[in-house]
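Written below as structure tokens is the structure these notes are about.
Computed from the coordinates by the stated procedures, all read-outs in this text should not be read as laboratory data. Owing to the predicted nature of the structure, the values given are computational and were not obtained by experimental measurement. Ideal geometry is used to build each Cβ from the backbone, glycine not excepted, and the neighbour counts take in all protein chains shown.
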Amino acid sequence: MRNKVSPFLALITIKTYICMNSEMKALLTGYYLELGLTPSKTRMKEQVQARAAIMVALREYTTTTAIGKLFGMDHSSVVHHCRKHDDNVLYWKGYAKMFDIAKKHCRTLRYKSRQAKLKTVRLEINRLKRIEQKLIENLNPLLQ
């Protein structure tokens, strides 16, 4: 038997996903801007390093599938970069610096995600308060 998810929690999940996706796109824009690169799917060294670094940094905050979709790639590409991360830091000149920049940009993601969830919860509380008020108003004439 499946566990049923309440419509309210499903709504929060959907809204959080939409918010996170737009936040991740904005994060990528800022990241590539700081690196002085234009995002590209090429296999040029700087592009691969930048992509690998941000994919690994994002992994702490979301799924490999979501990261892959963000880059128009399969999740296995993200898994590959995560597995090679330690070696990349040690042996790939310039990668460690890109990874530090990527981590800095990703730190704001968790905060923004929680802000979005809190906003959704507050909106739902206000909606329920309005329903409560209408019910009380409808009950008052019946009680008199």
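Residue count for region 69-81, restricted to those that are surrounded by fewer than 16 Cβ atoms within 10 Å (Cβ to Cβ), in a helix (DSSP H, G or I) and in contact with a helix residue (DSSP H, G or I) (Cβ under 7 Å, 6 or more places away or on another chain): 2. Among the residues examined, A53 qualifies as surrounded by 17 or more Cβ atoms within 10 Å (Cβ to Cβ) and assigned to a helix (DSSP H, G or I). Taken over region 75-110, the residue count meeting the criterion of being touching an Asp or Glu at 6+ places or on another chain (Cβ under 9 Å) and not hydroxyl-bearing (S, T, Y) is 9.
Within region 92-106, the set of residues being out of contact with any helix residue (DSSP H, G or I) (no Cβ under 8 Å at 6 or more places or on another chain), under 12 Å from Q49 (Cβ atoms) and either in a helix (DSSP H, G or I) or small (G, A, S) (or both) comprises K97 only.
Pairing residues of region 116-144 that are closer than 28 Å to S22 by Cβ with residues that are of a type in the set (F, W, Y) and surrounded by 10 or more Cβ atoms within 10 Å (Cβ to Cβ), at Cβ distances under 7 Å and at least 6 apart in sequence or on separate chains, gives E124/F8.
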